[in-house]
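Taking it in order: structure first as structure tokens, then the write-up.
Derivation of every value follows stated rules applied to the coordinates shown; laboratory data play no part. Note that the structure is predicted; figures quoted are calculated from it, not measured. Quick reminder, even Gly has a Cβ in these numbers, built from the backbone with ideal geometry, and neighbours come from all protein chains shown.
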Amino acid sequence: MTDQTALHYTEEHEWIALDGDVATIGITDYAAEKLGDVVFVELPGAGTTVTEGTVVGEIESTKSVGELFAPVSGEVVEANQAVVDSPELVNSDPFGEGWLIKVNASSLPKFLTHDEYRALVGE
Amino acid sequence: MTNEPGTTSPESPSAAASADVAERRSPLDAVHRAAGASFTDFAGWQMPVRYSSDLAEHHAVRNSAGLFDLSHMGEIVLIGPQSAAALDHALAGKLSAIEIGQAKYSLLLADDGGIIDDLVVYRTGDDRYMVVANASNAAVVADELRTRAAGFDTIVQDESDDIALIALQGPDARAVLLETPGFGVDGPGNDEEDFDAKLEALKYYRAFPATFEGEPVLVARTGYTGEDGFELYLAPERATRLWEALSETGGPRVTPCGLASRDTLRLEAGMPLYGHELSRDILPVQAGLGRVVALAKPDDFVGRTAVEQGPAADAPVLVGLAAEGRRAARADYEVFDGADADATRVGVITSGALSPTLGHPIAMALVAPGLAEPGRELFVDVRGTRIAASVVPLPFYKRTA
């Protein structure tokens with residue numbers, strides 16, 4: 001079980017787990033709930049260089065399309081193939097098996113804390 | 001992560017325009033909140049978009065039964081000896097030709113032939129009809145009908161606030177309705193056996209007046225999902241009891257369903273949604289609804305001249321599109337005649353989704369008339385990527401039983 005209070009968050013409803021320079025990135029339960037059933041995920045492949053704040057992937061539900069923004073700059077070291085094969089993991093376990101990409105971050109911006117994020121979404 | 005504007009909810013564009021209107025709530029609002037529904041603004045109403053999972057709700061309707069709250073829809077009633085003549089003048093169809101207890105899909109046209117709304121009209125008596133309009137258009141339809149009926153001996157009443165609508169849709173709908181206690185029919189006897197006999201004899205697009213726990217309910221074999229099913233019109237204060245009775249009787253066979261699944265269900269069934277496939281800019285024939293216009297009826301009706309003249313030769317026509325993979329074309333995406341950058345734009349997507357039943361992307365699109373034959377390959381710009389799609393006949397899905 002992921003400790004959500006230990007994660008970092010963005011206003012784009014993404015979460016970031018930091019392990020040294022490697023940032024594991026996913027979308028929050030709030031975002032997954034708003035999207036509805038996720039049926040398609042497109043992620044940048046390992047080796048792709050991503051820039052903070054730019055669109056690097058897509059998360060599609062039956063009803064809508066969400067864009068994945070890179071919350072950090074750096075190089076993608078892994079994309080979650082399990083979530084590409086089974087997009088419903090984003091709904092069933094957004095903070096766990098539904099993670100999206102891991103990025104070797106070259107720098108870290110200021111993130112929201114758990115409390116700040118929960119305040120943002122009104123919970 | 002952000003949602004792309006305009007793709008987050010199934011409603012028509014008018015929903016945004018009515019955002020400043022006071023938020024309206026269904027008589028079933030408390031039931032939905034207790035069930036943990038997520039809500040969306042739909043034409044100024046707060047309606048359930050889903051209870052748990054769009055896909056689970058969609059499959060429930062295809063495989064067992066789904067329960068929908070459609071209380072936001074508009075009901076306009078005409079009463080008077082010339083109600084039939086008034087509707088023949090006001091609408092595109094020949095409503096005088098339907099029998100008491102029959103329903104008919106029809107269109108309210110503007111003078112220029114554009115579609116103001118699509119409607120289901122029930123003849124509930126020799127001198128009375130109920131016109132069911134889309135929520136976003138209910139007030140406009142009521143106003144238009146009042147204006148158009150002015151010279152006829154009929155009274156037009158907007159009863160939208162006094163009528164709730166619950167739909168029970170899916171292959172198990174009939175069995176659940178038969179098993180649900182509390183139904184009867186008006187008149188002598190008024191018992192469950194009479195109700196069951198009437199329900200078992202009820203044909204598609206027919207309705208009969210019944211009672212639920214002693215209060216009137218109109219039971220109609222109509223719907224918007226591509227499955228067999230029923231729509232139940234009754235007083236708002238009775239809606240919660242009926243919803244609960246159907247849920248309790250149906251048990252695991254009945255799943256509460258939100259507007260998200262309703263949209264994917266009707267799309268698979270090739271049914272148009274006002275604001276997407278239908279608009280004031282479209283003549284009925286462009287949307288494949290030429291058969292809905294009764295040009296053979298002797299009387300004049302609003303829009304007749306324009307419909308007889310027909311659309312411009314290059315006016316777009318509605319087609320079905322099917323693609324491979326999992327990336328769906330969505331409303332407003334552009335359609336091209338080729339994959340290359342220099343290909344010509346030939347149309348626009350009106351609705352699209354990854355079909356939950358079929359497992360591949362489906363869409364409806366308005367395209368140039370020369371490109372509408374089944375088998376034609378077109379290309380949809382899906383956020384910068386051209387996806388190949390084939391023109392296919394509508395509907396995408398047709399129930400087998």
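Remark on region A:1-44: hydrodynamic radius 11.7 angstrom, per the Kirkwood mean of 1/r across alpha carbon pairs. Set against the 2.2 N^0.38 Å expectation for a compact globular protein, chain B has a Cα radius of gyration ratio of 0.98. Shown is the FRET efficiency for A:Thr54 and B:Asp299, computed with R0 = 56 Å from the Cβ-Cβ distance and rounded to the nearest 0.05: 0.35. Mean projection of the Cα convex hull over all viewing directions, computed for region B:108-153: 3.6 nm². The packing ranking, built from the mean of other Cβ atoms within 10 Å per residue, places the peptides B:212-222, B:119-129 in the order B:119-129, B:212-222, highest first.
The slack between B:Glu377 and B:Asp126, meaning 0.36 nm per residue of separation minus the straight C-alpha distance, is 85.4 nm.
Scaled against the 2.2 N^0.38 Å expected of a compact globular protein of N residues, the Cα radius of gyration of region B:219-364 reads 1.34.
Counts of other chain beta carbons within 10 angstrom of each beta carbon in peptide B:324-330 average 3.
By the beta-carbon count within 10 Å of each Cβ, the least crowded to most crowded order of B:Asp54, B:Asp381, A:Asp19, B:Asp118, fewest first, is A:Asp19, B:Asp381, B:Asp118, B:Asp54. If you look at the Cα atoms of chain A, you get an Rg and a Dmax of 13.1, 37 Å. Just B:His72, B:His89, B:His360 to compare: in a GNM of chain B, with alpha carbon springs under 10 Å, which one fluctuates most? Fluctuation is largest for B:His360. Residues within the reach of a label modelled at B:Ala139 (point 7 angstrom out along Cα to beta-carbon, backbone nitrogen below 14 Å), restricted to region B:61-78, are B:74. Reported to the nearest whole Å, the Cα centre-to-centre distance from region A:64-92 to region B:128-156 is 50. The modelled label-to-label distance between B:Leu358 and B:Thr240, using points 7 Å beyond Cα along the C-beta direction, is 4.2 nm. Over all distinct Cα-Cα pairs of region B:154-196, the Kirkwood formula returns a hydrodynamic radius of 13.0 Å. With one equal scatterer per alpha carbon and no solvent term, the Debye-computed log10 I(q)/I(0) for region B:305-401 at 0.11, 0.12, 0.25 1/Å reads -0.32, -0.38, -1.30. Distance from the alpha carbon centroid of region A:99-120 to that of region B:326-381 works out to 37 angstrom. All alpha carbon pair distances within region B:109-248 were sorted into 10 Å bins beginning at 0; the resulting P(r) in whole percents reads 10, 38, 33, 15, 3, 0. Note on A:63-75: average number of Cβ atoms from other chains within 10 Å of each residue's Cβ is 4.
Suppose we take every Cα in the protein assembly as shown and form the convex hull; what volume per residue is that in Å³?
Taking the convex hull of the Cα positions in the protein assembly as shown, it is 153 Å³ per residue.
Within 10 Å of the Cβ of each residue in B:47-55, the mean number of Cβ atoms contributed by other protein chains is 3. Looking at this model, which pairs from B:Lys104/B:Lys198; B:Lys104/B:Lys398; B:Lys104/B:Lys297; B:Lys203/B:Lys398; B:Lys104/B:Lys203 are more than 22 angstrom apart at the alpha-carbon? Those over the limit do not exist; all pairs fall within it.
Length gained on full extension, B:Arg146 to B:Ala306: 55.4 nm, using 0.36 nm per residue less the C-alpha separation. Measuring r between the beta carbons of A:Ala82 and B:Gln102 and using R0 = 60 Å, the FRET efficiency lands at 0.65.
Length gained on full extension, B:Ala315 to B:Asp196: 38.0 nm, using 0.36 nm per residue less the C-alpha separation.
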